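Engineer: Please see the structure below; I have some questions.
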Amino acid sequence: MRIGIDLGGTKIEVIALDSSGSELLRQRVATPVSEYQQVLKTIVDLIDFVEHKTGQQGSIGIGTPGAISPATGLLRNSNSVCLNDQPVKQDIEKILGREIRIANDANCFALSEATDGAAQGAATVFGVIVGTGTGAGIVINGKLLTGPNAIAGEWGHNPLPWPADDEMPGPDCYCGKQGCIETFLSGPGVAADYLKQTGQQLSTQQIVERAENNDAQAEMVMQHYENRMARSLAHVINILDPDVVVLGGGMSNIQRLYKNVPAQWGRYVFSDKVFTKLLPPVFGDSSGVRGAAWLWD
């Protein structure tokens, strides 16, 4: 049995999978706010609950925003800020008395979709989460690529490729730079572009709905977005040459992207034809917790 935990800012979810990937049990609870020891206790309690209910002991994988620093062994860049600069992995292992595995939530998403999701059977998979932020994970021959700095797949904090004059230097990014892909492709990036073009503040969903109803300004913003995503993914294709790109996060629900982005990325890919597929996720919001379980192969 494999146990996966998705450690989010507002909820902690646990899943148990059997050897074939079938779901045995799932439970979700609220994340304790600003209390590190309470977060640890909640995680351990969920593991105890699953193992008691199933009568089995399972391997344990945890997905979290942020990543374990290879230099310090401490968690960094988590939106559950009480976890930052804490030895999360070591502390949980000490309580449980056994080894666990931890990975970034985007890595877990990519692993889930590569294992038994949209990209099952693909040799090289780029799994993208595009929502409030922009991240990704890379899976090659069924194995996560992490890298010595634990940042493989962090395409969101590279500059937007082939920028137009009005895209430079680009919006400020929380990472301290300007013009990062995340500032253009995240949900807030779409809303900011609409505000810039029209002076109106709308949600991403409202902008998409207006475009569907033939609103010219909303349609222009969506076309900007699709071209920027095409350029950004073409840059990845030129380096990684993945078989499949799987979109996740809130922006993955915009169906027009799966037709319009591949229709444009060939202009930027260094090849006479692009065989890479752009696909929606099979497991959607559940990919993170499932991918955490699959950290043990």
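The values are calculated or read from the model by the stated rules, or taken from the named source; none is laboratory data. All values reported here derive from a predicted model rather than from experimental measurement. Here Cβ is always computed from backbone atoms with ideal geometry, including for glycine, and neighbour counts include all displayed protein chains.
Engineer: Given the options E154, E209, name the one that is acidic (D, E) and modelled with pLDDT of 95 or more.
Structural biologist: E209
Engineer: Let me ask something else about it. For Q197, indicate whether it is of a type in the set (S, T, N, Q), more than 16 Å from G66 (Cα to Cα), assigned by TED's automatic domain parsing to the domain that holds D241 and at pLDDT 95 or above.
Structural biologist: So Q197 fails the test.
Engineer: Sticking with this one: Looking at Q57, is it without any contact (Cβ under 8 Å) to a residue 12 or more places away in the chain and over 17 Å from V289 (Cα atoms)? Walk me through it before giving the result.
Structural biologist: Details: without any contact (Cβ under 8 Å) to a residue 12 or more places away in the chain: no; over 17 Å from V289 (Cα atoms): yes.
No, not satisfied.
Engineer: I138 fails exactly one of the following numbered conditions: (1) within 11 Å of the chain's Cα centre (by Cα); (2) of a type in the set (V, I, T); (3) farther than 25 Å from S59 by Cα. What is the number of that condition?
Structural biologist: Result: I138 passes all but (3).
Engineer: Being of a type in the set (S, T, Y) and more than 15 Å from the chain's Cα centre (by Cα) is the filter here; which residues of segment 250-293 pass it?
Structural biologist: Of everything in segment 250-293, those that are of a type in the set (S, T, Y) and more than 15 Å from the chain's Cα centre (by Cα) turn out to be Y258, Y268, S271, T276.
Engineer: How many residues, within segment 94-107, are of a type outside the set (V, I, T) and either crowded, with 23+ Cβ neighbours inside 10 Å or closer than 19 Å to P65 by Cα (or both)?
Structural biologist: Residues flagged as of a type outside the set (V, I, T) and either crowded, with 23+ Cβ neighbours inside 10 Å or closer than 19 Å to P65 by Cα (or both) within segment 94-107 amount to 6.
Engineer: Check segment 108-120 and report whether any residue there is surrounded by 15 or more Cβ atoms within 10 Å (Cβ to Cβ) and within 20 Å of P70 (Cα to Cα).
Structural biologist: Yes; the residues of segment 108-120 include at least one that is surrounded by 15 or more Cβ atoms within 10 Å (Cβ to Cβ) and within 20 Å of P70 (Cα to Cα).
Engineer: Next up: Could you list, in sequence order, the residues of segment 199-216 that are in a helix (DSSP H, G or I) and buried (at least 16 other Cβ atoms within 10 Å of the Cβ)?
Structural biologist: The answer is T204, I207, V208, R210, A211.
Engineer: Okay, moving on. Looking only at strands (runs of 3 or more DSSP E) that lie completely in segment 120-172, which have at least 1 residues being on the phi < 0 side of the Ramachandran plot and polar (S, T, N, Q)?
Structural biologist: Once the strands (runs of 3 or more DSSP E) in segment 120-172 are filtered for at least 1 residues that are on the phi < 0 side of the Ramachandran plot and polar (S, T, N, Q), what remains is 124-130, 134-140.
Engineer: Being free of Cβ contacts under 8 Å to residues at least 12 places away in the same chain and assigned by TED's automatic domain parsing to the domain that holds I254 narrows it down to one residue among P169, P148, P188; which is it?
Structural biologist: One residue alone meets the criteria, P169.
Engineer: Looking at S19, S69, which is the one that is modelled with pLDDT under 95 and over 29 Å from E154 (Cα atoms)?
Structural biologist: S19
Engineer: Also, I was wondering about something else. Suppose we filter segment 60-76 for residues that are over 27 Å from R26 (Cβ atoms) and either free of Cβ contacts under 8 Å to residues at least 60 places away in the same chain or not assigned by TED's automatic domain parsing to the domain that holds I12 (or both); how many remain?
Structural biologist: 5
Engineer: Continuing with the same structure: From (1) touching a helix residue (DSSP H, G or I) at 6+ places or on another chain (Cβ under 9 Å); (2) more than 23 Å from H157 (Cβ to Cβ); (3) of a type in the set (A, V, I, L, M, F, W, C); (4) surrounded by fewer than 20 Cβ atoms within 10 Å (Cβ to Cβ), pick out the condition that doesn't hold for W294.
Structural biologist: (4)
Engineer: For segment 183-194, does any single residue satisfy the condition of being assigned to a loop (DSSP other than H, G, I, E, B) and under 20 Å from A234 (Cα atoms)?
Structural biologist: yes
Engineer: Report, ordered by the first and then the second residue, all pairs with beta carbons closer than 7 Å, sequence separation of six or more or different chains, a first member in segment 118-141 that is over 24 Å from R228 (Cα atoms), and a second member that is of a type in the set (D, E, K, R).
Structural biologist: Correct list of pairs: A122/D243; A123/D243.
Engineer: Among the numbered criteria (1) within 18 Å of D105 (Cβ to Cβ); (2) under 15 Å from the mean Cα position of the chain (by Cα), which one does W296 miss?
Structural biologist: Status for W296: all satisfied but (2).
Engineer: Let me ask something else. Specify which of the listed residues (V269, V221) is of a type in the set (A, V, I, L, M), farther than 30 Å from I60 by Cα and buried (at least 23 other Cβ atoms within 10 Å of the Cβ).
Structural biologist: The unique qualifying residue is V221.
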